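These notes concern the structure reproduced below.
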Amino acid sequence: MLSRYKKSYRKIAMGLLALVVKDKELRSLQQLIDLYESDPLYQLYIWKENEKIVGLIGVAKEANEFNVQHLSIIPSYAKDEIAEKMLASLQEISRFEKMRIANEADEESLPVSKGIASMEQAIS
């Protein structure tokens with residue numbers, strides 16, 4: 001289930017972000033989380049399976065779009081099609097907020113779990 005990030009998830013979120021960002025320094029991860037916590041144009045969502053946080057998706061709001069910035073899944077859950085479920089749930093949220101999900105991310109700037117050939121396939 002996809003739900004909004006809460007500050008109580010900070011350490012878990014930093015761990016999930018560390019799986020997909022190039023700069024894994026603690027200070028850089030803290031700055032990234034600070035951005036998501038302080039800027040209303042950046043939003044984090046977490047994915048839970050059986051009450052356990054197993055994934056995270058970070059988006060930037062621009063005009064009427066959600067641009068996916070980060071998508072991370074605990075590796076042992078990557079085969080469970082969680083990325084697809086997360087994106088489908090984000091699609092539902094975007095409809096509710098009258099937004100759309102941009103599908104122009106490239107795989108270098110948006111590392112995702114194996115099983116998604118490209119963001120365009122996952123979103124369309």
Residues of segment 17-35 being among the hydrophobic types (A, V, I, L, M, F, W, C) and either crowded, with 16+ Cβ neighbours inside 10 Å or under 21 Å from Trp47 (Cα atoms) (or both), in sequence order, are Leu17, Ala18, Leu19, Val20, Val21, Leu29, Leu32, Ile33, Leu35
Verdict on Lys48 being touching a residue at least 12 places away in the same chain (Cβ under 8 Å), surrounded by fewer than 17 Cβ atoms within 10 Å (Cβ to Cβ) and at negative phi
yes
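Residue-by-condition table, conditions (1) part of a strand (DSSP E or B); (2) among the aliphatic types (A, V, I, L, M):
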| residue | (1), (2) |
| --- | --- |
| Leu17 | no, yes |
| Ile33 | no, yes |
| Tyr36 | no, no |
| Tyr45 | yes, no |
| Gly55 | yes, no |
| Gly58 | yes, no |
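Sort through Ile73, Ile33, Ile12 and tell me the only one that's among the hydrophobic types (A, V, I, L, M, F, W, C) and within 25 Å of Arg95 (Cα to Cα).
Ile73
Read-outs: derived from the displayed coordinates by stated rules, not from any lab. What you are looking at is a predicted structure, and each value in this text was computed from that prediction instead of being measured. Note that we place each Cβ from the backbone using ideal geometry, even for glycine, and neighbour counts take in every protein chain shown.
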